[in-house]
Structures are given as C-alpha cells and as structure tokens.
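Working notes for the structure below.
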Amino acid sequence: MTTPRENPCVSVNQLGQYLTGTPSLRKRIIQGQKNPVDPQYLRYPAAAQAITEFLCEGRDEVILRYHQRRLLNAQADTDFDAHRLALCAEALQRCLVATDDLATRAVASPADPDLAPLDVAGVAVKVRPEVLLRGVDARGQMRSGVLKLYFSKHTPLDERAGQYIATVLQLFAEERLEQQGPVDPRLVGVFDVFAGRLFVAPKARQRRLQDVVLACEEIAGRWNFH
C-alpha cells in the first residue's frame, strides 16, 4: 500500500492521455496519479531498461534478443510476475520489428532518472525521459534532444496524444538540457513501443502548450476531490 500524494502531479505520458481523454478517463488518471501503485507492480521497467541499453550501446539487435530470452526463461514467483515477464518480452519483440523507426545519427546516452519535474500551473509533470540524444547539425553545431518510451498494449497513442507528449518533452529539454546544446525538435520524441510509432515534437506548439497549461490547471483544481 502506497501513501496518497498530497501535491498535484502527473506523468507526461498520462498527461498526453488526459489531454485527449473522456471525462471518465481524466477522472481515473487523477485518481491513479494521486494513489500510485506500489513500484513492485509496475509492468515495464525491465523492458524500458533493455530498450535503453539497446539505444545507448550501438543499437545492436542482439541486445534486445538477449534480454527477450532472459525474460522468457526467468522463473516467476507469482502469476503477476509471469504476466509481467511475458509482456516485457512481447514489448521487446515489438521494438525489434520497429527498430528502423528509431534510426538516428544522434548519440544516445541514459538519462538521469532524478531530473526534476516540470512545474506547470502548480502541477509537477514527471517527464523522466529514458534517453538523451546529442547530434550535430549541418553547420557543425551541437544539438540535443530526449526520447521517452510509452508502454501500453491496449491503449496506443493517437496522433494528438503523441504530439502533446512530444511538446512537453521539448519544453522539458529546453529547460533542463540546454547546456548540452540547443534543443533540436527532430531529436525530441515519444516512442509507442507496442504500436511501433515514433511521435516527434511538432513545429507548431503554442496552442498545444496552452492546452497543457489548462489541463494542469484542471488537474490541480480537481486534485483534492479525487
């Protein structure tokens, strides 16, 4: 049992779903963010770690296949663990099919998991990208970006949700990573692993940022009612 969070917060992936969701989904998201599950019941940390290693260690498919076999051969103590291992292995298989969509000349490195969240309208938006990206533009200038992984077997990101998440990722990169080089929107994106789709930060973002602020204002206003 985890302790309910006192202060409004939301993960960037859930914020993308909130911005495009029905009223009932938005209510469930607030309830889920206020009353988080115990970390031991999270489904995809092992898959996220394997994909991050793949991206940061030369994009060698052998890495994904090794972790896939390891997960499939692991001994599960509970039915939940068995289901989690199977889901993670399936996620890696989906990633293997979609590796071309992740092709980039940028250099990838693991992101610091302790990077501070964004403060948007009184809500702590937890971004936590898995990967930092650094590249060089046509003029030889260093550019930076981030990649976020999204895992949901039955709720894929649609175009709007993906673009909202990528927009917040770009804002995060500009506020937290500018010292590593100006942010290139082409190096900022969220990858829907099960759908095999990469959503890159859109060029037009002012309206989307306004929507993000309004959504966070709504989350903050409803926090104590859920």
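Quick one: is Leu214 at pLDDT 95 or above, open to solvent by 10 Å² or more (accessible area, probe 1.4 Å) and touching a Phe, Trp or Tyr at 6+ places or on another chain (Cβ under 9 Å)?
Here the answer is no, as Leu214 does not meet what is asked.
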key: Given (1) within 15 Å of Ala46 (Cβ to Cβ); (2) open to solvent by 40 Å² or more (accessible area, probe 1.4 Å); (3) assigned to a helix (DSSP H, G or I); (4) of a type outside the set (S, T, N, Q), number of the condition Asp77 does not satisfy   = (3)
ask   = Does the range 150-157 include one or more residues that are under 30 Å from Glu90 (Cβ atoms) and part of a helix (DSSP H, G or I)?
value = no
note = The number of residues in the range 172-226 that are more than 26 Å from Pro23 (Cα to Cα) and of a type in the set (Asp, Glu) is 4
remark   = Restricting the range 126-145 to residues that are touching a residue at least 60 places away in the same chain (Cβ under 8 Å) and not in a loop (DSSP other than H, G, I, E, B), the one nearest to Gly32 (Cα to Cα) turns out to be Lys126
query = Which members of the range 181-211 meet the condition of being open to solvent by 40 Å² or more (accessible area, probe 1.4 Å) and of a type in the set (Val, Ile, Thr)?
reply = Val200
task = Search the range 17-32 for residues being of a type in the set (Gly, Ala, Ser) and closer than 18 Å to Val125 by Cβ, and hand back the single one that is surrounded by the fewest Cβ atoms within 10 Å (Cβ to Cβ).
result = Gly32
task = Return only the number of the condition from (1) assigned to a helix (DSSP H, G or I); (2) open to solvent by less than 60 Å² (accessible area, probe 1.4 Å) that Asp100 does not satisfy.
result = (2)
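Here's the yes/no breakdown for (1) in a loop (DSSP other than H, G, I, E, B); (2) surrounded by fewer than 23 Cβ atoms within 10 Å (Cβ to Cβ):
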position	(1), (2)
Leu87	no, yes
Leu115	yes, yes
Leu147	no, no
Arg160	no, yes
Residues located in the range 18-40, provided they are modelled with pLDDT under 95 and over 18 Å from the mean Cα position of the chain (by Cα) = Asn35, Asp38, Gln40
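Residues are listed down the side, and each one gets a yes or a no for (1) hydrophobic (A, V, I, L, M, F, W, C); (2) open to solvent by less than 70 Å² (accessible area, probe 1.4 Å):
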| position | (1), (2) |
| --- | --- |
| Leu15 | yes, yes |
| Lys34 | no, yes |
| Ala48 | yes, yes |
| Leu72 | yes, no |
| Ala82 | yes, yes |
| Gln93 | no, no |
request  = Taking only the range 93-108 into account, find how many residues are at pLDDT 95 or above and either touching a Lys or Arg at 6+ places or on another chain (Cβ under 8 Å) or of a type in the set (Phe, Trp, Tyr) (or both).
outcome  = 0
inquiry  = Are there helices (runs of 4 or more DSSP H) fully within the range 1-60 with at least 2 residues that are out of contact with any Lys or Arg (no Cβ under 7 Å at 6 or more places or on another chain) and without any contact (Cβ under 8 Å) to a residue 24 or more places away in the chain? List them.
reply    = 23-34, 45-56
query = Any chance the range 124-138 includes a residue that's surrounded by fewer than 23 Cβ atoms within 10 Å (Cβ to Cβ), touching a Ser or Thr at 6+ places or on another chain (Cβ under 7 Å) and within 12 Å of Gly16 (Cβ to Cβ)?
reply = no
query = Can you name the residue in the range 167-212 that is in contact with a Ser or Thr (Cβ under 8 Å, 6 or more places away or on another chain) and assigned to a loop (DSSP other than H, G, I, E, B) and is also farthest from Gly140 (Cα to Cα) among such residues?
reply = Phe194
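The values are calculated or read from the model by the stated rules, or taken from the named source; none is laboratory data. Since the model is a prediction, treat every value here as computed from it, not as a measurement. Neighbour counts run over all protein chains shown; Cβ positions are idealised from the backbone, glycine included. We work out accessible area using only protein heavy atoms, side chains counted, and drop any ligands, DNA or RNA first. Shrake-Rupley method; radii C 1.70, N 1.55, O 1.52, S 1.80 Å.
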